[in-house]
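The values are calculated or read from the model by the stated rules, or taken from the named source; none is laboratory data. Just so we're clear, the structure is a prediction, and the values are computed from it rather than from any experiment. We place every Cβ from the backbone using ideal geometry, glycine too, and count neighbours over all the protein chains shown. Keep in mind that these areas ignore ligands, DNA and RNA; they rest on the heavy atoms of the full protein, side chains included. Shrake-Rupley method; radii C 1.70, N 1.55, O 1.52, S 1.80 Å.
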Amino acid sequence: MRLLRTVCKTSVRFLSTRARPLRVLGIETSCDDTSAAIVTSDRQILAEVVRGQQEMHEPMGGIVPTLASKGHSRNLPGVICETLELAGLTIGDLDAIAVTRGPGLPPCLPVGLNAAKTLAAVSKKPLIGVHHMEAHALTARLTTDNDLNQPSPAFPFMTLLISGGHTLLLTANKIGDYDQLGTTLDNAVGEAIDKTARLLRLDWLKGRRGGPGAALERAALKGDPERFMSRLPKPMLERNKYVMAFSFSGLKSAVARLIEVEKLVDLDNPQDVSDIAASFQLICIQHIEQKLSIALKQELIENKKPLTALVVSGGVASNTLFRTRLGALAGSYNLPLICPPPQLCTDNGVMIAWAGLERFQAGLIDDYTITTLPKWPIDSLKFRID
Ligand code: KG4
Ligand code: ZN
């Protein structure tokens, strides 16, 4: 503890007298991508390395947590060394070490956290435990694909975080202060997309922006969304029209029923597969739009929140249809849509390094004794957990 206090005092002094931008290393091992990156307080990405595990999980039909953990153990030391080499830096040149503390897969999180704690302790650097979803939200303040000169979205902004594990609608008030407006009652949108891609037996696309979601998006491109629209349920539109929550599992099950029971989709017919993929994708985004509109009205009109932007991030935010439609929706409320570039929407070390940097600048440093939090509600960030 004494060691940590000395480190914190030193870093606070350093923050006020430094002559160069701060440099933070970020480490991410919450799901299946092993990643590290170094970013600076003047918004430069000095280095980033992402090692995916697609070859391990695709044959299993989805991510297997214990296999993912082994993959992280194997890859993380090399990923960190490579990141430092790419940046031309050593651990001593860093100002802090940030790492995903949660939420995430229980066997995967400790691989990154233990590495970060050890690096931080031996080099006497501050440690910052990052909430994975806060990192997705804050990446938009580092960079966007719309216009590199666009100012960062200032607080407060509304943020929709759509990933494999979450469908979260939040008002971001300041670093570490989020009001949760809505979440999913069952599957996350990315989870429903992945399961539907599996039902449709789509081959995962290879590479950084690959996986089942990208495969479903590609299949849908050639499809007619109207063909199966009347045969699929529109989630939470009747009785629950005004309930601020999402639900995707009924939709996913309805696709399964069309294929397996009603036999209306022939998986050997590429047009059938594209048409059902397009209908499914369209219903997903319409459902999100309907709930987002309620939230925007509530925050802007009823609560008179001076929102500056709609920020959309998380892996599903790399989907072009979602980005286009959400841009139009934000525009109808006179808000800009701000999304990180697609490769920073899916999991990456840059977002952890950047969120760590923002927390560091806000004085939010953790003890070397922190442990992982696989389930970690984002609105509880307001209260410190050790
Ligand atoms: O944020 P992320 O990389 O990991 C989690 O934190 O979960 O999000 C992964 C999710 C997966 O469900 C993946 O299939 C989905 O994002 N995804 C996509 C696309 N690219 C990734 N969903 C739809 N369209 C895409 N292009
Ligand atoms: Zn994520």
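Observations on the model:
- Potential extension, Asp379-Thr66 segment - 0.36 nm per residue separation minus Cα distance: 109.8 nm
- Eligible lysines near Lys125 by straight Cα distance, threshold 23 Å, same-chain separation 8 or greater: Lys9, Lys117
- Residue with peak Gaussian network fluctuation, the chain [Cα springs, cutoff 10 Å], from Cys81, Cys108, Cys284: Cys81
- Euclidean distance of C-alpha centroids, the stretch 325-357 and the stretch 48-79, integer Å: 25 Å
- Within the chain, percent of DSSP bridges classed antiparallel, to nearest 5: 60 percent
- Kyte-Doolittle mean at least -0.5 and Cα axial length at least 24 Å: DSSP H helices in the chain: 65-87, 270-297
- In this label model, Leu267 and Lys174 are separated by 5.3 nm, measuring between points 7 Å along each Cα→Cβ vector.
- Per residue solvent-accessible surface (Å²) - the chain, probe of 1.4 Å: 42 Å²
- Lysine pairs meeting the criterion (Cα under 17 Å, 8 or more apart or interchain), as found in the stretch 157-335: 9
- Chymotrypsin sites (Phe, Trp or Tyr not before Pro) lying in DSSP loop within the stretch 203-305, provided at most 13 other Cβ fall within 10 Å: Tyr242
- Rounded percent of accessible protein surface that carbon and sulfur make up, the chain, 1.4 Å probe: 54 percent
- Amide H contacts of Ala98: Leu25, Gly26, Ile27, Ile128, each under 5 Å away and 5 or more positions distant or on a separate chain (H built 1.01 Å from N in the peptide plane; Pro and chain starts excluded).
- Scaled radius of gyration (Cα, divided by 2.2 N^0.38 Å) that the chain gives: 0.99
- Phi angles across the stretch 175-186 convert, under the Karplus curve 6.51 cos²θ - 1.76 cosθ + 1.60 with θ = phi - 60°, into 3J(HN,Hα) values of 3, x, 10, 10, 9, 7, 9, x, 9, 8, 7, 9 Hz, Gly and Pro given as x.
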